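See structure below.
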Amino acid sequence: MFEKLKRFLGFGSKSKVEENPKVEAKPNDEPEKEKSQQEVEKVAEKPRLGYFHLSGCTGDIMSLSENYDILAEILTNMVDVVYGQTLVDVWWDDKNPMPEMDLALVEGSVCLQDEHSLKELYELRKQAKLVCAFGSCAKNGCFTRFCRGGQQAQPKHESFVPISDLVKVDLTLPGCPASPEIIAKSVVALISGDMDYLQPMMDLAACSLNCGCDLQTTVINKALCTGCGTCAMACPTRALTMNQGRPECNKNRCIKCGSCSIHCPRTWFPEDRIKQDLGL
């Protein structure tokens with residue numbers, strides 16, 4: 001997929017001389033070559049990516065930036081990171097306008113007592129074509145749901161909500177943290193325009209699957225569970241265990257990250273899309 005995408009964006013394109021060493025380059029070919037190079041550069045304008053960190057543990061940015069074997073090609077050659085306090089050290093304030101972005105990755109829930117975060121969130125919604133809830137804290141609050149104020153750094157900070165409570169969210173990359181593989185595949189799909197691949201993430205942005213209880217309601221109680229154990233393997237806190245082929249949730253361990261529901265193969269069934277493709 002990466003090689004196909006590189007060709008689509010114009011990276012690594014070869015000239016006729018490079019493709020066929022027997023063909024000699026002529027002096028009068030230079031203007032044509034220059035023009036062709038300019039056209040490639042114009043077509044290969046890279047998507048602009050922004051990263052925003054609100055209230056969370058920064059686990060998702062570690063998945064994004066520290067898995068070089070998977071994401072190095074994307075971050076260095078396939079996208080331009082135009083905004084981010086940690087990736088490119090670009091901050092927004094009244095003197096420095098926020099740049100336009102094709103995709104804004106927002107990590108962490110938003111604190112209602114944090115005035116700067118609120119302003120930044122509203123501004124990025126104006127400047128970004130697509131806003132992505134990056135990780136479970138941004139999607140549904142995750143462990144920040146349990147914050148009640150009084151913490152040392154900012155004792156007045158007590159109300160944390162998912163970003164979708166304040167702005168429109170276009171898609172979600174779930175997980176606690178989101179895996180490097182899902183990040184890479186989703187960004188590549190965005191770049192190449194393969195929106196079919198992103199449909200589950202877009203549908204997920206509009207639903208409220210949050211914990212093992214939702215898995216019980218939407219899958220197990222409807223006799224859809226196959227006992228595959230994917231939900232238990234996806235749980236970062238081991239709140240789910242398999243008992244006689246069915247998952248059981250320990251509510252004391254559940255942090256409401258939604259990883260179990262999201263990774264379950266039976267929670268997303270695009271009935272409308274299937275009927276549309278079949279012409280029904």
Leading residue at positive end of dipole, the stretch 48-204 (Cβ point charges), from 187, 63, 116: 116
Which trypsin sites (Lys or Arg not before Pro) in the stretch 81-170 pass both tests, a DSSP loop state and at most 15 other beta-carbon atoms within 10 Å? 95, 148, 156, 168
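Could you list the chymotrypsin sites (Phe, Trp or Tyr not before Pro) in the stretch 91-163 that lie in coil according to DSSP, counting only those with at most 13 other Cβ atoms within 10 Å of their Cβ?
91
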Equivalent ellipsoid, the stretch 124-280 (semi-axes from 5 times Cα gyration tensor eigenvalues, Å): 26, 24, 13
Sort 97-109, 187-199, 241-253 by packing, meaning the average of other beta carbons within 10 Å per residue, with the highest value first. 97-109, 187-199, 241-253
Each residue of the stretch 243-256 in turn: what ³J(HN,Hα) in whole Hz from Karplus with 6.51, -1.76, 1.60 and θ = phi - 60°, glycine and Pro shown as x? 10, 6, x, 9, x, 10, 9, 8, 5, 6, 9, 5, 9, 6
In cubic angstrom, how much convex hull volume per residue do the alpha carbon atoms of the stretch 106-188 span? 90
Geometric extent, Cα atoms of the stretch 212-278 - Rg, Dmax (angstrom): 12.9, 45
As computed over the stretch 48-204, the Cα convex hull volume per residue (Å³): 106
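From Cα pairs below 8 angstrom and at least 6 apart in sequence, can you work out the relative contact order of the stretch 165-280, rounded to a whole percent?
27
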Please find the FRET efficiency linking residue 77 to residue 199, where r is the Cβ-Cβ separation and R0 is fixed at 30 Å, and quote it to the nearest 0.05. 0.70
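Read-outs throughout are calculated quantities, based only on the coordinates presented, and are distinct from any laboratory measurement. Nothing here was measured: the structure is a model prediction, and the numbers come from that model. Here the Cβ is made from the backbone with ideal geometry for all residues, glycine too, and neighbour counts use every protein chain on show.
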